[in-house]
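First the structure, in the form of structure tokens, and then the observations on it.
The values are calculated or read from the model by the stated rules, or taken from the named source; none is laboratory data. Since the model is a prediction, treat every value here as computed from it, not as a measurement. Counting neighbours? That spans all protein chains shown, and the Cβs are built from the backbone with ideal geometry, glycine included. Surface accessibility is based on the protein's heavy atoms, side chains included, excluding ligands, DNA and RNA. Shrake-Rupley method; radii C 1.70, N 1.55, O 1.52, S 1.80 Å.
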Amino acid sequence: MEEFLKQYLDPTFAITFAYLIKIFCIVIPVMISVAYLTYFERRVIGFMQSRIGPNRVGFFGLLQPIADALKLLFKEIILPEKSNNFLFFLAPLLSIAPALAAWAVIPFDFEMVLADINAGLLYVLAMTSIAVYGVIIAGWASNSKYAFLGSLRSAAQIVSYEIAMGFTLVGVLMCANSLNLGEIVMAQQGGISQWYCWPLFPLFIIYFISAVAETNRAPFDVAEGESEIVAGFHVEYSGMAFALFFLAEYANMILVSILAVIMFLGGWMSPFSFMPDGIFWLLAKVAFVLFFFLWFRATFPRYRYDQIMRLGWKVFIPLTLIWIVFVGAMMQTDYAEYFH
Amino acid sequence: MKNFLFNTLKSLTLHELLRGMSLTLRYFFSKKITIQYPEQKTPQSPRFRGLHALRRYPNGEERCIACKLCEAVCPAMAITIESEQREDNTRRTTRYDIDLTKCIFCGFCEESCPVDSIVETRQFEYHGEERGDLLYTKEMLLEVGKKYEKQIAKDRKQESKFR
């Protein structure tokens, strides 16, 4: 695309312009999938509760997310009088920006990646960690006790599960010998048996549960906890500012699902050797993983706060460490090939 | 000690979580019980307590004799009645208002009425667009009674053996 643009534009412009087009090609589908994820969430949870869910706006309710977005757009943005105005508006931006920025290093197909950097995994971890600032600042700037409690809870929770999540990724690094997400996928070539979810099965499960906790989803949604602290950190937000938090939450959900697929389920690789690889495999696997997020929400009641901390620190971190040592030890034996 | 090990191993297999998830998955494919309201409706009982109506006798004479029992029994004080003596020396109402915004649809007025004049119909789909639209006067209540008399009479007859 850059070569094509260079025929018409100044070379520096052409590169910038080409990148801008690529960014739009990622962000817009992400936004659309966020919108439809909210729709599918309501449908799936409805189905699991013997209900139908939204089915009035458009065919099968398919226009419902657009109607919701329009409603939020037209709503008044209420500014609490004693809040810190600057931070109050900075917070939603701080939570949406990292959620979208992390998509830059995601490989969708062979060589189909915006920024093919070597430390891709570290970059993603850094970006998901920044997202916690949005929540903390939102809770603090609102000047409301519920918002503050929610933000404190989620800060502690995200920090604790970040560690367990980082350790599970260490296992993947040991297997793939690379931090580049594309290379991690390429290392899982050769059908379903080569995926890392088998040798690293406990890490895969722990990664997934930590991912649910990282994104503040049920059953780890104490940051919102509507029955305890109203709506947690975004209790004072309305209109578009609220919509941004919503967008960030769902964009993060899709992001951690796509990471789970890349690192444990072979990314764009086909599960069967006789079928071609391609981006559709990635999308199908991500949809499958996302279904689990909705399934969890329909099934499990919210964890108590001290149980969340216990699970993170006393169960997940020791377990991941044990499995990392186990994998490291196995790599020195004759079975090393099963762990690469 | 043995129990502790067993419980630890059991929780590590996520046994209980998986059982919960299998339950919700079963419900995912189960029959949905949603009633899609404007097109589908739930069945109604003949004792349904909806919009009020004042009835007339088959000869056209209004039933209400202004005994004011309903006004007295009404727990929400939603009924206001004024009465006078008519030329034929019978007592009739000149004013019979029900404020539907106060009414709690308990059905006491219907229970207390000695002549089955004030009744609650099966009608529940009505609305007011301005303040005062839900203050039903005698004329409006008689109009409702005229409109649904067939259904009202049928329901009263069906329920009469239980009263």
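Rounded to the nearest whole Å², what accessible area per residue is found for the protein assembly as shown with the 1.4 Å probe?
Working: 27590 Å² over 503 residues.
Heavy-atom accessible area per residue stands at 55 Å².
How large is Rg/Rh for segment A:60-113, to two decimals, with Cα atoms and a Kirkwood Rh?
Numbers: Rg = 17.2 Å, Rh = 14.7 Å.
With Rh from the inverse mean 1/r over Cα pairs, Rg/Rh is 1.16.
Could you work out what % of the accessible surface of chain A is carbon and sulfur, using a 1.4 angstrom probe and leaving DNA, RNA and ligands out of the count? Show your work: numbers first, answer last.
On the way: 11390 of 16130 Å².
Taking all protein chains in place, chain A shows 71 percent carbon and sulfur surface.
Peptide A:45-54: average number of partner chain Cβ atoms within 10 Å per residue? Please list the in-between numbers first.
Numbers: counts 2, 3, 7, 9, 7, 7, 4, 5, 2, 0.
Shielding by partners across A:45-54 averages 5.
Do the alpha carbons of any pairs in A:LYS314/B:LYS10; B:LYS41/B:LYS157; B:LYS68/B:LYS138; B:LYS102/B:LYS138 sit beyond 19 Å of each other, and which pairs?
Working: A:LYS314/B:LYS10 17 Å; B:LYS41/B:LYS157 24 Å; B:LYS68/B:LYS138 14 Å; B:LYS102/B:LYS138 17 Å.
Long pairs (Cα-Cα over 19 Å): B:LYS41/B:LYS157.
Starting from the coordinates of the alpha-carbon atoms of segment B:1-156, obtain the Kirkwood hydrodynamic radius over all distinct pairs and give the value in Å to one decimal. Spell out each step's value before the answer.
Numbers: mean 1/r = 0.0512 Å⁻¹.
19.5 Å is the Kirkwood radius here.
Going from most exposed to least, what order do B:MET77, B:MET1 have by accessible area with a 1.4 Å probe?
On the way: B:MET77 140, B:MET1 165 Å².
Listed by decreasing accessible area, they come as B:MET1, B:MET77.
For chain A, which span is the longest to avoid every loop-located (per DSSP) member of chymotrypsin sites (Phe, Trp or Tyr not before Pro) having at most 11 other Cβ atoms inside 10 Å?
On the way: sites that count: A:TYR8, A:PHE272, A:PHE274.
Between exposed loop sites, the widest span is A:9-271.
Carbon and sulfur together cover what percent of the accessible area of chain B at a 1.4 Å probe radius?
Details: 6410 of 11460 Å².
Using a 1.4 Å probe with all protein chains present, chain B comes out at 56 percent carbon and sulfur.
Threshold 40 Å², probe 1.4 Å: give the residues of segment B:16-40, in number order, that are less accessible with all protein chains present than with their chain alone.
SASA drop of 40 Å² or more in segment B:16-40: B:LEU17, B:MET21, B:THR24, B:LEU25, B:TYR27, B:PHE28, B:LYS32, B:THR34, B:GLN36.
Roughly speaking, what % of Cα-Cα pairs in segment A:37-186 are separated by over 28 Å, rounded to a whole number? Mind showing how you got there, number by number?
Values: 5106 of 11175 pairs.
For segment A:37-186, the share of Cα pairs beyond 28 Å comes to 46 percent.
Excluding A:LYS82 itself, what net charge comes from residues whose Cβ is under 14 Å from its Cβ, given Lys and Arg +1 and Asp and Glu -1? The partial results should precede the final answer.
On the way: positive: A:LYS145; negative: A:GLU81, A:GLU236.
Residues near A:LYS82 contribute -1 overall.
Tell me, what is the percent relative contact order of segment A:152-243, built from C-alpha pairs under 8 Å that lie six or more residues apart? Walk me through the numbers before you get to the answer.
On the way: 67 pairs, mean separation 26.6, N = 92.
Relative contact order comes out at 29 percent.
Of B:GLU130, B:GLU62, B:GLU16, which is the most mobile in a GNM of chain B whose springs link Cα atoms less than 10 angstrom apart?
B:GLU16
Tell me, what is the percent relative contact order of chain B, built from C-alpha pairs under 8 Å that lie six or more residues apart?
Numbers: 192 pairs, mean separation 41.8, N = 163.
Worked out over chain B, it gives 26 percent.
When chain A is modelled as a GNM with alpha-carbon springs shorter than 10 Å, which of A:GLU228, A:GLU236, A:GLU81 fluctuates the most?
A:GLU81
Quantify how much of the Cα-Cα distance distribution of chain A extends past 39 Å, in percent.
On the way: 9502 of 57630 pairs.
It works out to 16 percent of all Cα pairs.
Could you tell me what fraction of 2.2 N^0.38 Å the Cα radius of gyration of segment B:1-75 comes to, as a two-decimal ratio?
Values: Rg = 29.7 Å, N = 75, 2.2 N^0.38 = 11.3 Å.
Its radius of gyration relative to the 2.2 N^0.38 Å reference: 2.62.
Give me a comma-separated list of calculated 3J(HN,Hα) values for segment B:145-154, in order, Karplus coefficients 6.51, -1.76, 1.60 applied at θ = phi - 60°, integers in Hz, x for any Gly or Pro.
Couplings: x, 4, 5, 10, 3, 4, 5, 4, 4, 4 Hz.
Among B:ALA66, B:ALA78, B:ALA153, which one shows the highest mean-square fluctuation when chain B is modelled as a Gaussian network with alpha-carbon springs under 10 Å?
B:ALA153
If you check each cysteine of chain B for another cysteine whose beta-carbon is under 4.7 Å away, which ones come up empty?
Cysteines lacking a close Cβ partner in chain B: B:CYS64, B:CYS67, B:CYS74, B:CYS103, B:CYS106, B:CYS113.
Ignoring ligands, DNA and RNA, how much accessible area is buried between chains A and B, both sides summed, with a 1.4 Å probe, to the nearest 100 Å²?
Values: alone 16890 and 12230 Å², together 27590 Å².
The summed interface area works out to 1500 Å².
Per the Kirkwood definition applied to all pairs of different Cα atoms, how many angstroms is the hydrodynamic radius of segment A:301-340?
Details: mean 1/r = 0.0839 Å⁻¹.
Every distinct Cα pair counted, the radius reaches 11.9 Å.
For the residue pair A:GLU183 and A:ILE15, what label-to-label distance in nm results when each label sits 7 Å from Cα along the Cα-to-beta-carbon direction?
The modelled label-to-label distance comes out at 2.3 nm.
So what's the net charge close to B:THR8: Lys and Arg +1, Asp and Glu -1, counting the other residues with Cβ under 15 Å from its Cβ? Mind dumping the intermediate values first?
Values: positive: A:ARG310, A:LYS314, B:LYS2, B:LYS10; negative: B:GLU16.
Cβ neighbours under 15 Å give a net charge of +3.
Normalised by the number of residues in segment A:188-340, what is the relative contact order in percent for Cα pairs under 8 Å and 6+ residues apart? Before the final figure, lay out each step's value.
Numbers: 136 pairs, mean separation 47.1, N = 153.
Dividing the mean separation by the residue count of segment A:188-340 yields 31 percent.
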